[in-house]
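Inspection log for the structure reproduced underneath, given as structure tokens.
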Amino acid sequence: MKKKKIKAVIFDVGGVLAISKKPLQKYRGRSHNLSVHEFIAKKLKISLDQYFDSIDTAYIKSFEGKFTKKQIAKILADNLKSNPEKIEKLYHQAYKKNFKQNKQLFKQAFELQKRGYKIAVLSDQWPLSYRTLMPKKNFKNFDQVIVSCEVGIRKPNPKIYHLTLRKLKLSPSETIFIDNQEWNLNPAKKIGMKTILFKDNQQLFENKTWMSLFEEKN
């Protein structure tokens, strides 16, 4: 059986197309970008435990689109004894301060697009991180952009990978998914997508699968 050629590359955002200053850390059994949450807690002059007690349930649900930006800001403002406008502003500052656009990888992604590949995004975001980490101007030229809080499903639920494939109109074996977390890659592998675990640009650019994309046009 002839091996199917790669036709699309799918990128995660947080930790891949947007690089954080610190890696994800385990806290209360879940992985978080603690630098963002520490920033908020410090600004509100509360402990990190008190902060997570106040946001935990609503925060997790909001990744699956359970709340609009206004709704989640209001819930957190009430829980944190603040006001919605201040909460939105603090999260914008926190994500802006602790993440930067991976310009080198964006450049390579658009080079792949010029070479005939589709490029797509598959990202878990909640309303208070979404547009700070994913401004429209940076992502408008991707072929597909799938964001958890918009579609109501988050990784590693297999449904979000199948949704991405349907949007791209491709089979799993025609795609490569790049993410910085193994647990997000496992479901992709299981359905037949090729995967690359992202650590940094140098490691990705030296990956044989990645390099092969530039060797010949689709």
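The values are calculated or read from the model by the stated rules, or taken from the named source; none is laboratory data. This one's a predicted model, so the numbers in the text were calculated from it and none came from an experiment. FYI the Cβ positions are ideal-geometry reconstructions off the backbone, even for glycines, and counts take in every protein chain you see.
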**Q.** Condition check for Glu111: surrounded by fewer than 18 Cβ atoms within 10 Å (Cβ to Cβ), under 17 Å from Gly65 (Cβ atoms) and acidic (Asp, Glu)
**A.** no
Q. Just to be sure, is His37 out of contact with any Asp or Glu (no Cβ under 6 Å at 6 or more places or on another chain) and modelled with pLDDT of 95 or more?
A. no
Q | Positions within segment 153-170 being farther than 24 Å from Glu182 by Cβ and not in a helix (DSSP H, G or I), in sequence order | A | Lys169
Q. Considering only segment 72-106, how many residues are within 19 Å of the chain's Cα centre (by Cα), assigned to a helix (DSSP H, G or I) and loosely packed, with under 14 Cβ neighbours inside 10 Å?
A. 4
(Q) When you check Trp183 against the structure, is it in a helix (DSSP H, G or I) and either among the charged types (D, E, K, R) or closer than 16 Å to Glu111 by Cα (or both), yes or no? (A) no
Q: Please tell me if Glu111 is under 20 Å from the mean Cα position of the chain (by Cα) and acidic (Asp, Glu).
A: no
Q) Between a first residue in segment 150-170 that is surrounded by 14 or more Cβ atoms within 10 Å (Cβ to Cβ) and a second residue that is in a helix (DSSP H, G or I) and of a type in the set (Asp, Glu), which pairs have beta carbons less than 9 Å apart while being 6 or more apart in sequence or on different chains? A) Leu165/Glu174; Leu168/Glu174
Q. Going by the conditions given, is Ser35 among the small types (Gly, Ala, Ser), touching a helix residue (DSSP H, G or I) at 6+ places or on another chain (Cβ under 7 Å) and not in a loop (DSSP other than H, G, I, E, B)?
A. yes
